[in-house]
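Heads up: the structure comes next, in structure tokens.
Any read-out appearing in this document is the output of simple, stated calculations on the displayed coordinates, not a laboratory observation. It should be emphasised that the depicted structure is a prediction, and the values quoted were computed from it without experimental measurement. Using ideal geometry, Cβ is built from the backbone for each residue, glycine included, and neighbour counts are taken over all protein chains shown.
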Amino acid sequence: MSLLERAVPPRPLRRRMSPFWWLGNLRYTIFFLREFSAVFLAFYMLFLIVQLALLVAGPDAYRGFHAFITNPWWIALNVIVLLFALIHTLTWLGTIPAVTPMRVGELEAPSLMLLAGALGGFVVASVAVGLLLLWWRW
Amino acid sequence: MREARRTLTVVRYNPERGMSPYTQDYEVPVWDGMMVLDALNFVREHVDSTLAFRWSCRMGVCGSCGMSVSGAPRLTCQDEVTEYDGRDLVVAPLAHFPVIRDLVVDIDDFMQKLRTLKPWLIRKQEKPLSEGEYRQTPTQRAAYDHHASCINCMLCYSACPVYGLDTKFTGPAALAIARRYNTDSRDQGAEERRPIVERPEAVWTCTFVGECSVVCPKGVQPAEAIQRSKLQAATGFAIRNLVPGGAK
């Protein structure tokens, strides 16, 4: 230890992060929404499990449940869940270029191409599931 | 012609004066191509010689002059003062690190973590010098090239809220450097680094905010390095535990 270090003991200043750090810039906010959206997805998964349980319980149980889920406030809540599900999907797809860069030899696929491929796959899969459900209903 | 001037606000801390940081405004001249570091040097040379900050090369190579400029981590030698025209120019010490004095932060935590990751080429058996250098093709070099430009400027740590909330996290630069060596065709030390890279407070603590890659002045892409290391860790775990004979 040098003489100077002995003369002035260091008293470093330790700073704490604000609880609102995620409002500090837009990318932090998008990250926060991406992580927070998982709460809504978990809620919807629980909702589906309850729905299946009531379906198994019989027509009377399910009829009461059906009346409950056609409430306007419940539909509004589902719209919010859908919005967060979209945020979740799009923000995670947006991470693909960083997680799985594609290199062939020294050539690297542009990030936009990877993003477009991921989004394209998402749209095709969504349309396929939608068509399957419509076909099933008819 | 009247010389252009502007206000430079510096967040200061002097442990001999008390434990609270305070701000101090300085009037500085502005000239073409003036960087924030030039403004700080002007203050120290002409206005207030007590202002403490680190700098060395002035060309974005040494990584010493990283500071928080108007809320964002920047290399001050690469940050033009005119970029802040029309808004406050506030220079503060890099976020998330203990402040020693004024704009000087303590980065010992990073240095210790980096050392544990063995950031050098490891060979199981060194070949004699007479056999020549370890050769590498351009493709092999391209596999780690972008991770090899780290200058330890600490902007990525300052931008990382995960590190800010929990300093036990190994952090972006150290993990990017570990990946740089693990993907180098000349290196044989990935197994030695694996217990450090794959422990809970290393790659698995990263929640992929991605800001480390955004602020990196050298395009090192720590976020990519960490996510790729996670993928490799998960694949390795599956092979070791699920494939017969995979543990060898």
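Peptide B:223-231 shows a mean partner chain C-beta count of 3 within 10 Å per residue C-beta. Among B:145, B:187, the ranking by other beta carbons within 10 Å of each residue's beta carbon, starting with the fewest, stands as B:145, B:187.
Label separation (residue B:120 vs residue B:57): 2.1 nm, computed from points 7 Å beyond Cα along the C-beta direction.
Summary of packing: across the peptides B:175-185, B:132-142, B:28-38, the per-residue average of other C-beta atoms within 10 Å ranks them, highest first, as B:175-185, B:28-38, B:132-142.
Take the alpha carbon gyration tensor of the stretch B:146-238, find the square roots of its eigenvalues, order them as a ≥ b ≥ c, and report rounded if a/c is under 1.5; if not, report prolate when a/b exceeds b/c, else oblate. Verdict is oblate for the stretch B:146-238. Each Lys or Arg adds one and each Asp or Glu subtracts one; over the other residues with Cβ under 11 Å from the Cβ of residue B:236, this totals +1. So what's the angle, to the nearest 10 degrees on a 0 to 90 scale, between helix A:59-69 and the longest Cα principal axis of chain A? Rounded to the nearest ten degrees, it is 50. Scalar couplings 3J(HN,Hα) for the stretch B:160-175, obtained by applying the Karplus form with A = 6.51, B = -1.76, C = 1.60 to θ = phi - 60°, are 8, x, 5, 5, x, 7, 8, 6, 6, 4, 4, x, x, 4, 4, 6 Hz; x denotes Gly and Pro. Peptide B:15-25 shows a mean partner chain C-beta count of 1 within 10 Å per residue C-beta. Any lysines with Cα under 23 Å of the residue B:168 Cα? List them, leaving off those in the same chain fewer than 8 positions away. Cross-link targets: B:113, B:118, B:230. Each of B:26, B:129, B:11 was placed along the dipole of chain B (beta-carbon charges, centred on the mean Cα), and the one lying farthest toward the positive end is B:129. For the stretch B:163-216, what does the alpha-carbon gyration tensor say about shape, rounded, prolate or oblate, given a ≥ b ≥ c as the root eigenvalues, a/c under 1.5 as rounded, and a/b over b/c as prolate? Verdict is oblate for the stretch B:163-216. What is the helix-to-structure angle for B:222-242, meaning the angle in degrees between its Cα long axis and the longest Cα principal axis of chain B, kept from 0 to 90 and rounded to the nearest 10? Taking the Cα atoms of chain B, the angle to B:222-242 is about 20 degrees. Magnitude of the charge dipole for chain A, about its Cα centre and with charges confined to Cβ atoms of Lys, Arg (+1) and Asp, Glu (-1), is about 580 debye. Its Cα centre serving as origin, the stretch B:1-148 has a Cβ charge dipole (Lys and Arg +1, Asp and Glu -1) of approximately 700 debye. With an a/c value of 1.5 or above and a/b not larger than b/c for the gyration tensor axes a ≥ b ≥ c computed over the alpha-carbon atoms, chain A is described as oblate.
Remark: relative contact order (the stretch A:54-125) = 19 percent; criterion is Cα-Cα distance under 8 angstrom and separation of 6 or more residues. The calculated 222 nm mean residue ellipticity attributable to helices in chain A amounts to -25000 deg cm²/dmol, summing -39500 (n - 2.57) over DSSP H runs of n ≥ 4 and dividing by all residues. Note on residue A:67 and residue A:42: their simple-model spin labels are 3.2 nm apart, each label 7 Å out from Cα toward Cβ.
Ranking of B:45, A:35, B:16 by neighbouring Cβ atoms within 10 Å, starting from the fewest: B:16, B:45, A:35. Spacing of the modelled spin labels on residue B:185 and residue B:23, each 7 Å from Cα toward Cβ, amounts to 5.4 nm. Other protein chain C-beta atoms within 10 Å of residue C-beta, averaged over A:13-19: 6. Ranking of A:37, B:229, B:49 by neighbouring Cβ atoms within 10 Å, starting from the fewest: B:49, A:37, B:229. Taking a straight Cα-Cα cut-off under 19 Å and skipping sequence neighbours fewer than 8 places away in the same chain, the aspartates and glutamates within cross-link reach of residue B:127 are B:184, B:187.
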